[in-house]
Amino acid sequence: MGRSRAAELRREQGRAFAFGCLSLSLALALALALVLTLVGVPGVTALDNGLALTPTMGWLHWERFTCNVDCIEDPENCISEQLFMQMADLMVSEGWKDVGYEYVCIDDCWLASKRDENGRLKADPKRFPSGIRHLANYVHSKGLKLGIYQDVGTLTCAGYPGSYGYYDIDAKTFADWGVDLLKFDGCNSKDLESLVEGYKYMSFALNKTGRSILYSCEWPLYTRHFQEPNYTEIRQYCNHWRNYGDIFDSWSSVKSILAWTASKQESLVPAAGPGGWNDPDMLVIGNFGLSWDQQVTQMVLWAIMAAPLFMSNDLRHISPQSKSLLQNEDVIAINQDPLGKQGYRLRKDEDFEVWERPLSNLAWAVAVFNQKEIGGPQNYAFSTAALGEGLGCAPACLITQILPVKEELGLYEWTSQLKVRVNPTGTVLLKLQTFQQHKSFH
Ligand SMILES: *[C@@H]1O[C@H](CO)[C@@H](O)[C@H](O)[C@H]1NC(C)=O
Ligand SMILES: *[C@@H]1O[C@H](CO)[C@@H](O)[C@H](O)[C@H]1NC(C)=O
């Protein structure tokens, strides 16, 4: 998949282009040139472990449960085996697994304060009395996978024993326990070189165990202050990589991640593809900080960005509305599209941003995001001629609104005006199906 399909797609679009381009304006040509530079470098080699061919989906404890280790005062919410078993139960019984959420992931603060007498890691004995191997068995018995957390440096970010000096032992321990994913943080490294070498070493160490373990890195987040990340290189070692600081349960946090991603899209977008993805951090939908419209914006733009979808929320207490958004199969299908190309911001007009993402079968996802934080719903009208690398509606396209509610918008021609109405801080997600010529001659 990928390279040959992309070539085919480009040939198809080449034909459509020849058909429809007579009145191509200079402005459109410039927009097209910009877009082609964003999507023009396909097939950079990915880590060869057969994993993350589409963005990873699951649940990760950090944003919602942080480093809560107080199981005396707060037994329901502390980081303990009970928390992960409950989430695994709910992922099956409440339909999360059916729509694709698969990995139940532990973040920092699961460890005992010291390694055992053989130098092996061990879980905190009070909070994980049955041990990680037992937890992995339990999660596997539900048809799910288990993720765990460690750090490339001497200590984890919260101060538990880190993997530095123990990469092989720790990789083997995780494989012995039946772990399926490692989130490898970047705190407490001696220097830049040992951080980078550590990330690479751990990738080899995981491979050497013979167990398929998805490798989630934070390498570019920790190195970008010193040098521009080389994504060609990072992709050879990691299945996804964090580029930007931790997400918080707030609109300002979500907004800053989107603004930063758009500002760096020339380097980020070509780096993504089957086997390796940019990770803008967890979904905080279903918590306290985002309004309904802001939750829609996060879900839509994480789908456009081909982001891993790790929910960090409390599946025991979640509103039906947030649940239906997180389980919306149309937006998940866009996130998981097999073409595996990340979307980008196409234009910004004062308060509105238009993002688009190429999908398989000559389709496109288009998001119209209203950044205004005052007033009511606003209309935004734009020409379909600019969409889909300028060719999504050449000669015509069918447009379906996916979110905030599903609605067929009908057939549009190449130069049609499209008008959407978007709430403040909200986003409208459209799916655009290019209407192929051979179909129009039935
Ligand atoms: C280890 O790497 C080799 C070569 O890149 C690959 O063929 C193999 O599938 C990998 N094994 C695991 C367990 O990831
Ligand atoms: C980036 O890494 C790749 C693969 O390791 C290497 O071939 C390339 O020269 C590097 N690019 C730069 C600019 O260092």
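The values are calculated or read from the model by the stated rules, or taken from the named source; none is laboratory data. These numbers were taken from a predicted model, which means no experiment stands behind them. Here the Cβ positions follow ideal geometry from the backbone for every residue, glycine too, while neighbour counts run over all protein chains shown.
The figures follow:
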read-out: Which numbered condition G143 misses (of (1) surrounded by fewer than 23 Cβ atoms within 10 Å (Cβ to Cβ); (2) in contact (Cβ under 8 Å) with a residue 40 or more places away in the chain; (3) on the phi < 0 side of the Ramachandran plot); value: (3)
read-out: Number of positions in the stretch 122-154 that are under 23 Å from the mean Cα position of the chain (by Cα), of a type outside the set (V, I, T) and assigned to a loop (DSSP other than H, G, I, E, B); value: 2
read-out: Selection count where residues are of a type outside the set (F, W, Y) and more than 14 Å from ligand 2 (Cβ to nearest atom), scope the stretch 226-268; value: 24
read-out: Within the stretch 312-386, strands (runs of 3 or more DSSP E) holding 2 or more residues that are among the hydrophobic types (A, V, I, L, M, F, W, C) and more than 18 Å from the chain's Cα centre (by Cα); value: 352-359, 363-370, 378-383
read-out: Qualifying residue in the stretch 422-438 (condition: over 28 Å from W292 (Cα atoms), hydroxyl-bearing (S, T, Y) and surrounded by 15 or more Cβ atoms within 10 Å (Cβ to Cβ)); value: yes
read-out: Residue within the stretch 409-417 that is at pLDDT 95 or above, over 17 Å from A303 (Cα atoms) and of a type in the set (D, E, K, R) present; value: no
read-out: When residues of the stretch 225-251 are limited to those that are free of Cβ contacts under 8 Å to residues at least 60 places away in the same chain and over 17 Å from the mean Cα position of the chain (by Cα), the one farthest from ligand 1 (Cβ to nearest atom); value: S250
read-out: Residues that are assigned to a helix (DSSP H, G or I), of a type in the set (F, W, Y) and touching a strand residue (DSSP E or B) at 6+ places or on another chain (Cβ under 7 Å), drawn from the stretch 155-181; value: F174
read-out: N278 being among the polar types (S, T, N, Q), over 21 Å from Y164 (Cβ atoms), more than 16 Å from ligand 1 (Cβ to nearest atom) and touching a residue at least 12 places away in the same chain (Cβ under 8 Å); value: yes
read-out: Residue within the stretch 255-268 that is more than 16 Å from ligand 1 (Cβ to nearest atom), among the aromatic types (F, W, Y), modelled with pLDDT of 95 or more and surrounded by 19 or more Cβ atoms within 10 Å (Cβ to Cβ) present; value: no
read-out: D337 being touching a Leu at 6+ places or on another chain (Cβ under 9 Å) and among the acidic types (D, E); value: yes
read-out: Selection count, the stretch 226-239, where residues are closer than 22 Å to F174 by Cα and assigned to a loop (DSSP other than H, G, I, E, B); value: 2
read-out: Selection count, the stretch 194-225, where residues are within 16 Å of ligand 2 (Cβ to nearest atom) and in a loop (DSSP other than H, G, I, E, B); value: 1
read-out: Those residues of the stretch 251-304 which are of a type outside the set (D, E), touching a helix residue (DSSP H, G or I) at 6+ places or on another chain (Cβ under 8 Å) and assigned to a loop (DSSP other than H, G, I, E, B), in sequence order; value: G275, P280, M282, V284, I285, G286, N287, G289, L290, S291
read-out: Scope the stretch 220-249; condition of a type in the set (S, T, Y) and farther than 17 Å from V269 by Cβ; matching residues; value: Y222, T223, Y237
read-out: Condition met for A52 (surrounded by 17 or more Cβ atoms within 10 Å (Cβ to Cβ), modelled with pLDDT of 95 or more and within 16 Å of ligand 1 (Cβ to nearest atom)); value: yes
read-out: Selected residue (criterion: farthest from H240 (Cα to Cα)) from residues of the stretch 354-379 that are surrounded by 21 or more Cβ atoms within 10 Å (Cβ to Cβ) and of a type in the set (D, E, K, R); value: E356
read-out: Close pairs from the stretch 209-220: first in contact (Cβ under 8 Å) with a residue 12 or more places away in the chain and closer than 12 Å to C238 by Cβ, partner of a type in the set (S, T, Y) and part of a helix (DSSP H, G or I), Cβ under 6 Å, at least 6 apart; value: Y215/S203; C217/Y199; W219/Y199
read-out: Enumeration of residues in the stretch 193-224 that are small (G, A, S) and within 16 Å of ligand 1 (Cβ to nearest atom); value: S203, A205, G210, S212, S216
